[in-house]
Amino acid sequence: MSGECKVVSDVPEWLNHDYLCKVLIKDDQRDSQDWESQIIRFRKVFNNLATELFQAKLTNRKSPSKAIDVIIKTISENTTNYFKIPFHHQELMCNRESDIYLEFLSEVEKIQKEIGDNDIFSPKYYHSSEKPVVLILEDLSPKGYFPNIKKTTLNDSKNLLEKIAKMHAYSYYIAKKRGKDYRKFDNFFTDLSQNIPVIHDAYDIFMEGIKIWPGCQQFADKLNKFKPHYNKALTKLFASKNNDSKFSVLVHGDLYTYNVLYGPNDEIILVDYQLTAWRSPAYDLIGFFNAFCSTEDNAYNRDLLIKHYHENFRLTLKKLDFNEYIPTLLDVHVEMVKYGLLDLMYWSVYATTYFARIDPNREADKDIRVSMKEGVQNPNFRKISRLFSDFLEKGYLEYED
């Protein structure tokens, strides 16, 4: 096979021109066509997880329009892992994403063809393997798909909720009507204190930081008293044996700004299904409220948005001719109350880093904590204090000795 590979930055030795041709080009074209490739590192080593991302482009010299643009996801023990998640769990997470593409998203595509639904949930799947751990997906950036942190209006929130509700409804339908047992897609972290120790650091940083916020001393005092019970309470929510939800769906599990791509016409595509699990829809909804809603909508329009979610969840099931029990709006509200402690985790872990200016050149084992301290003092972050009184009233920080 003729061809050449232009490597713009350091890549693993196995990731080369021959490998790309082998996994991306059909057998009947592999030897007869003359291809060239380009591979670059997608981002710097700075990353929340141990995932390494590369962009690659295969171009047919005789027919340049046949170019294939892909994102290659792999893992390395040498990659900076901000949350200090054990490497074994990283492998499980990467393999989980491949399984979601093969066992859920592919099934969704089949059903969509049957009913004429042209909506797209995710990038095109090309290839995956366990050794090396690799997932290859279509690179949508040449088509104009990018994250957009400015999409925080009420209408923006509704549009994203429609996509989330639709994904949840498809998983509910497939599990109930097509016999897919998605319970095997369990949560990885049964002991958060051992597997994600930074959660506790984040709790302390958040608690200490809000003490100087006007009117927040009472909430900080409550957090201090609740601290010995925090890990046990969160672990109980995450542990699979405690998954006593009124109803479960496949939740995306990691809804934050850079895992949602917007197309040229505001099409929405979700990426990064590494934490997808069979859980209460509250996991995604609480993540959504904290990552994508304005503080005002999070505080004052939750009921409106939950209703919008449920309407689209129900309508999707109706379009699928689902004639069994459809969870009610009350069921969704019950789930939101039951899992409401997750708000605190999002405030302390995700929101603090979101509002920080993170320098990728800092030492990895210190940077996440430094960035959290910066984030908790960001004036825009302080707006979440209007949510504290409602959180206290619901009793999430009460406990029995």
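The values are calculated or read from the model by the stated rules, or taken from the named source; none is laboratory data. Computed from a predicted structure; not experimentally measured. Neighbour counts run over all protein chains shown; Cβ positions are idealised from the backbone, glycine included. Just the protein is used for accessible areas: all its heavy atoms, side chains included, with ligands, DNA and RNA removed. Shrake-Rupley method; radii C 1.70, N 1.55, O 1.52, S 1.80 Å.
Structure summary
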read-out	value
Residue, nearest to HIS333 (Cα to Cα), within region 271-290, restricted to residues that are open to solvent by less than 20 Å² (accessible area, probe 1.4 Å) and among the charged types (D, E, K, R)	ASP284
Contacts under 7 angstrom Cβ, first residue in region 231-252 being modelled with pLDDT under 85 and in a loop (DSSP other than H, G, I, E, B), partner acidic (Asp, Glu) and open to solvent by less than 10 Å² (accessible area, probe 1.4 Å), 6 or more apart	SER245/GLU335; LYS246/GLU335
Residue within region 314-322 that is closer than 19 Å to SER389 by Cα and not aromatic (Phe, Trp, Tyr) present	no
All positions within region 326-365 that are modelled with pLDDT under 95, surrounded by fewer than 16 Cβ atoms within 10 Å (Cβ to Cβ) and outside any helix (DSSP H, G or I)	ARG357, ASP359, PRO360, ASN361, ARG362, GLU363
Some residue of region 197-213 being over 30 Å from SER76 (Cα atoms), aromatic (Phe, Trp, Tyr) and surrounded by fewer than 18 Cβ atoms within 10 Å (Cβ to Cβ)	yes
Residue list for region 125-149, restricted to those being assigned to a loop (DSSP other than H, G, I, E, B) and either within 14 Å of LEU261 (Cβ to Cβ) or touching a helix residue (DSSP H, G or I) at 6+ places or on another chain (Cβ under 6 Å) (or both)	ASP139, LEU140, GLY144, TYR145, PRO147, ASN148, ILE149
Yes/no for GLU114 being closer than 27 Å to THR316 by Cβ and crowded, with 19+ Cβ neighbours inside 10 Å	no
Unique residue being at pLDDT 60 or above, in a loop (DSSP other than H, G, I, E, B) and either buried (at least 17 other Cβ atoms within 10 Å of the Cβ) or of a type in the set (Val, Ile, Thr) (or both) when the list is LEU15, LEU49	LEU15
Residue in region 316-324 that is part of a helix (DSSP H, G or I) and hydroxyl-bearing (Ser, Thr, Tyr) present	yes
Residue check for HIS200: outside any loop (DSSP other than H, G, I, E, B) and modelled with pLDDT under 85	yes
Residues satisfying the stated conditions in region 78-124, i.e. among the polar types (S, T, N, Q) and either outside any loop (DSSP other than H, G, I, E, B) or at pLDDT below 95 (or both)	ASN78, THR79, THR80, ASN81, GLN90, ASN95, SER98, SER106, GLN112, ASN118
Positions within region 278-315 being under 25 Å from TYR262 (Cβ atoms) and outside any helix (DSSP H, G or I), in sequence order	PRO281, CYS293, SER294, ASN301
Pairs where the first residue, in region 195-212, is within 22 Å of SER389 (Cβ to Cβ) and the second is open to solvent by 20 Å² or more (accessible area, probe 1.4 Å) and aliphatic (A, V, I, L, M), C-beta under 7 Å, 6+ apart	none
Counted residues, region 149-180 - those being open to solvent by less than 60 Å² (accessible area, probe 1.4 Å) and closer than 20 Å to TYR273 by Cβ	15
Tally of residues being farther than 23 Å from ILE174 by Cα and hydrophobic (A, V, I, L, M, F, W, C) across region 294-349	12
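Results for (1) among the β-branched types (Val, Ile, Thr); (2) touching a Phe, Trp or Tyr at 6+ places or on another chain (Cβ under 8 Å), shown as yes or no for each residue.
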| residue | (1), (2) |
| --- | --- |
| HIS200 | no, yes |
| LYS225 | no, no |
| VAL251 | yes, yes |
| TYR262 | no, yes |
| CYS293 | no, no |
| ASN301 | no, no |
